[in-house]
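Colleague: My structure is below; once you've seen it, I'll send some questions.
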Amino acid sequence: VSLNNTEQATHTNFNGNFEFNGITPGSYQLVVQFLGYEAIELPVNIKAGERVELLETLHAKMLSLPSTAEMITAENESEYTSSKSSQKR
């Protein structure tokens with residue numbers, strides 16, 4: 001978790017809770033990111049002496065994997081080439 005355009009960054013606990021201390025009042029973009037999840041940016045307005053609570057959920061990233069058919073074809077071609085080579089010997 002970090003605040004854009006600042007040196008402020010921290011980690012969440014097991015429940016996703018975090019806090020920053022000593023933040024100058026003003027408007028910030030809060031960035032929340034975790035490996036395997038889509039990062040989110042949230043506008044946050046910090047006022048002197050106030051505590052800001054946010055409830056947000058990270059969503060898992062969609063990953064593209066090669067299709068199984070392509071992988072099987074490549075393996076079969078490889079096996080065929082190996083078998084053909086050994087038959088010539």
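Colleague: All but one of (1) more than 15 Å from Val1 (Cβ to Cβ); (2) surrounded by fewer than 10 Cβ atoms within 10 Å (Cβ to Cβ) hold for Pro25; which doesn't?
Modeller: Every listed condition holds for Pro25 apart from (2).
Colleague: Now for a different question. What are the pairs with Cβ atoms under 8 angstrom where one residue, in region 47-64, is over 19 Å from Phe34 (Cα atoms) and the other, located anywhere, is assigned to a loop (DSSP other than H, G, I, E, B) and open to solvent by less than 100 Å² (accessible area, probe 1.4 Å)? Sequence gap at least six, or different chains.
Modeller: Going by the 8 Å Cβ cut-off, the qualifying pairs are Lys47/Pro25; Ala48/Pro25.
Colleague: Of all residues in region 35-50 being more than 26 Å from the chain's Cα centre (by Cα) and small (Gly, Ala, Ser), which is farthest from Asn4 (Cα to Cα)?
Modeller: Among residues in region 35-50 that are more than 26 Å from the chain's Cα centre (by Cα) and small (Gly, Ala, Ser), the one farthest from Asn4 (Cα to Cα) is Gly49.
Colleague: Right, here's the next one. List, please: which pairs have Cβ atoms under 8 Å, are six or more places apart or on different chains, and start with a residue in region 1-17 that is among the small types (Gly, Ala, Ser) and end with one that is open to solvent by less than 60 Å² (accessible area, probe 1.4 Å) and part of a loop (DSSP other than H, G, I, E, B)?
Modeller: Close Cβ pairs (under 8 Å, with a partner that is open to solvent by less than 60 Å² (accessible area, probe 1.4 Å) and part of a loop (DSSP other than H, G, I, E, B)) amount to Ser2/Thr10; Ala9/Val1.
Colleague: Tell me which residues, restricted to region 39-50, are open to solvent by less than 90 Å² (accessible area, probe 1.4 Å) and either under 21 Å from Asn13 (Cβ atoms) or not in a loop (DSSP other than H, G, I, E, B) (or both). Don't jump to the end; show me each part of the working.
Modeller: Taking region 39-50 first, the residues open to solvent by less than 90 Å² (accessible area, probe 1.4 Å) are 39-40, 42, 44-46, 48.
Within region 39-50, Ala39, Ile40, Leu42, Val44, Asn45, Ile46 qualify.
The values are calculated or read from the model by the stated rules, or taken from the named source; none is laboratory data. It should be emphasised that the depicted structure is a prediction, and the values quoted were computed from it without experimental measurement. So basically every Cβ, Gly included, is an ideal-geometry build from the backbone, and we count neighbours across all protein chains shown. Note: areas computed on protein heavy atoms with side chains; ligands, DNA, RNA excluded. Shrake-Rupley method; radii C 1.70, N 1.55, O 1.52, S 1.80 Å.
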